[in-house]
Amino acid sequence: METYKIVCIDIDGTLLNSAHQITEETKETILQVINGKQIPVVLVSARMPKAIIPLQKHLGISEPLICYSGALVIDRHGNKLNTRYIDTKMTQRLLDSLAAYDLHVSLYKDDEWYIEQLNAWALQERDITNIEPRIYSFSKLTNGWREETDGTSKILCMGDPEEISRVLQVLRPVYGEEVNLYLSKPTYLEIMSKKASKTAAIQILLKEYQLKQSDCLAIGDNYNDIDMLAFAGLGIAMENAPLEVKAAANTVTLSNDENGVAHALKNHILFPKQAG
């Protein structure tokens, strides 16, 4: 029977239910894993640090964070362990291409969220994450960045599903070798550095904790979780995950509205003899 020594959990669609909340059952189960089994629980997300830390505090976790789907890794004290930007020139190219579409575009850099206008899409994201964006001209922002060593941690495009799908189909053949593009939901297109992945970030933490790949249990629900689920010693997909994500995992737990994270942790860490 495998024993796992670190747990990596995605946030939106996994840890959080459809109301963007952590249920009491999920919280209590995670605390049993941390306090009872002495196993670190790491939150792994496309979110920025400021949008993860309140959840971490709510759970009573004081571990490193994996942000922007691996583009930023910070230790428990807030120090950067690794960062992967979309460089300044590529950011400007992408912004030029995105300007032709009816989308709301956000830029994220380290722990700041920049937008050019506060519309319904930005308000929706603000309500979900409880983060206040900074309204700033993108051209002024990027012109102040160093070309080779600076850039953006993430570009988020929000829009109607048809427009988002069309943009992805156009951009992927042009930029797919240079950046990661994926849908985090039908109305959200996320763009990150090609060098960033949840797996690469987890490998950094495994080295920090002196653990092996097989020691890792990972839980996720979306396309940016595929590499993490395939890499982990045990990859667990949520029932609400797309079929392609489930195919990359070793097993599937209940949905995020059925305490799927708690169910997985009970079956595979707390009470593994009851699994299956």
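If you count only protein heavy atoms with a 1.4 Å probe, what accessible area per residue comes out for the chain, rounded to a whole Å²?
45
How do H104, H20, H77, H268 rank by accessible surface area computed with a 1.4 Å probe, from largest to smallest?
The residues order as H77, H20, H268, H104, largest area first.
Count the net charge of all other residues whose Cβ sits under 15 Å from the Cβ of W113, scoring Lys and Arg as +1 and Asp and Glu as -1.
Residues close to W113 contribute a combined charge of -2.
Could you pull out every one of the lysines with an alpha carbon less than 28 Å from that of K89, ignoring same-chain neighbours closer than 8 positions?
Within the straight-line limit of under 28 Å, K89 reaches these lysines: K50, K80, K109, K140, K154, K185, K194, K195, K198.
Given the rule -39500 (n - 2.57) for each run of at least 4 DSSP H residues, summed and divided by the residues of the chain, what is its mean residue ellipticity at 222 nm, to the nearest 500 deg cm²/dmol?
-9500 deg cm²/dmol
Note the direction-averaged projected area, equal to a quarter of the hull surface, for the Cα convex hull of the range 53-149, in nm².
7.1
Normalised by the number of residues in the range 35-160, what is the relative contact order in percent for Cα pairs under 8 Å and 6+ residues apart?
26
For the range 117-224, which trypsin sites (Lys or Arg not before Pro) pass both filters: DSSP loop (anything but H, G, I, E, B) and at most 16 other C-beta atoms within 10 Å?
Working: sites: R126, R134, K140, R146, K154, R166, K194, K195, K198, K207, K212; in loops: R146, K194, K195, K212.
Loop-located and lightly packed - R146, K194, K195, K212.
Below 11 angstrom from the Cβ of G220, what's the summed charge of the other residues (Lys, Arg +1; Asp, Glu -1)?
With Lys, Arg at +1 and Asp, Glu at -1, the neighbours total -3.
Please report, in Å, the Rg and the Dmax of the chain, where both are computed over Cα atoms only.
That works out to 18.3, 58 Å for Rg and Dmax.
Quick one: check the C-alpha center-to-center distance for the range 206-257 versus the range 19-46, whole angstrom.
Each part's Cα centre sits 15 Å from the other's.
Excluding residues on the same chain fewer than 8 positions from K57, give the lysines whose Cα lies under 18 Å from its Cα.
Cα-Cα hits under 18 Å: K27.
Sort 118-124, 13-19 by the packing proxy (mean of other Cβ within 10 Å over each peptide's residues), most packed first.
Final packing ranking: 13-19, 118-124.
At 1.4 Å probe size, what's the solvent-accessible area of Y209? Round to the nearest 10 Å².
Surface open to solvent at Y209 totals about 60 Å².
Rounded, prolate or oblate: which one fits the range 104-210, using the alpha carbon gyration tensor with axes a ≥ b ≥ c (rounded when a/c is under 1.5, else prolate when a/b beats b/c, else oblate)?
Here the range 104-210 falls in the rounded category.
Of D221, D12, D96, which has the largest mean-square fluctuation in a 10 Å C-alpha GNM of the chain?
Checking each option, the largest mean-square fluctuation is seen for D96.
Once you keep just the Cα pairs under 8 angstrom separated by 6 or more residues, what percentage relative contact order results for the chain?
21
Which longest run of the chain has no exposed loop site in it, a site being GluC sites (Glu not before Pro) in a DSSP loop with at most 16 other beta carbons within 10 Å, and the site itself not part of the run?
Working: sites that count: E2, E147, E148, E177, E178, E239, E258.
Free of exposed loop sites, the longest segment is 3-146.
In the range 150-276, how does Rg compare with the Kirkwood Rh, expressed as the Rg/Rh ratio over alpha carbon atoms?
Value, to two decimals: 1.02.
The values are calculated or read from the model by the stated rules, or taken from the named source; none is laboratory data. Predicted, not measured: the structure shown is a model, and the values here were computed from it. In this analysis, Cβ positions are derived from the backbone assuming ideal geometry, glycine residues included, and neighbour counts consider all displayed protein chains. Each accessible area value is taken on the protein alone, full model and side chains, heavy atoms only, with ligands, DNA and RNA left out. Shrake-Rupley method; radii C 1.70, N 1.55, O 1.52, S 1.80 Å.
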